[in-house]
Amino acid sequence: MEDAAAVAALHAEGFHAGWSASECEAMLLDRAVVGQGIGPGQALDGFVLSRVALDEAEILTIAVARRRQGGGLGRRLLQAHFGALVNRGVRTLFLEVDEGNAPARALYARAGFEQVGRRAGYYRKPDGSAAAALVLRRTLA
């Protein structure tokens, strides 16, 4: 699947432990996974993927190409994603974010997410240290 390689490349650009093309392909083929920003013939400048379970979903990842960061693409992807999730019957959306990722935390705060938990030592950093994940929630409906 051509999209999987592009998704993996963009994901690796933004994350220390990027996903492989085969992992991305499995997610893109999973009927429970909803995505925005990915499609045949589209230039992949950013994407968001969530997994849906009944009336809840979890954002698995959101990635924006470095050259497009800071221009509102992440916000627009999230807004489109909220609509797609509501159309699937999702009422509550969760995600985890590295507590040290100030730009992502600001994006999520502007999008209406609130912190509901913290997972100490959740993420491994390139230097081998660990970072906490903040668990965020947003009501959609």
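The values are calculated or read from the model by the stated rules, or taken from the named source; none is laboratory data. Please read all numbers here as calculations on a predicted model, not as lab measurements. For neighbour counting, all protein chains shown are included, and Cβ atoms are generated from backbone atoms with ideal geometry for every residue, glycine included. Accessible surface areas use protein heavy atoms only, side chains included; no ligands, DNA or RNA. Shrake-Rupley method; radii C 1.70, N 1.55, O 1.52, S 1.80 Å.
Descriptive notes on the structure:
- Estimated [θ] at 222 nm from DSSP helical runs (n ≥ 4, -39500 (n - 2.57)) normalised by residues in the chain, nearest 500: -10000 deg cm²/dmol
- DSSP beta bridge pairing in the chain, given as percent antiparallel to the nearest 5: 90
- Charge context of ALA120, other residues only, Cβ under 14 angstrom, K/R +1, D/E -1: +1
- Shown are THR92, THR139, whose ranking by accessible area with a 1.4 Å probe and every protein chain present, most to least, is THR139, THR92.
- Read-out Rg and Dmax of the Cα atoms in Å, derived from the coordinates shown; its label in [x] 14.5, 41; [y] 15.0, 62; [z] 15.2, 56: [x]
- Per-q log10 I(q)/I(0), the stretch 1-65, q = 0.15, 0.25, 0.27 Å⁻¹ (Debye; single scatterer per alpha-carbon; no solvent): -0.41, -1.11, -1.27
- Contact order relative to length of the chain, as percent, for alpha carbon pairs under 8 angstrom and 6 or more apart: 19
- Summary of packing: across the peptides 67-78, 7-18, the per-residue average of other C-beta atoms within 10 Å ranks them, highest first, as 7-18, 67-78.
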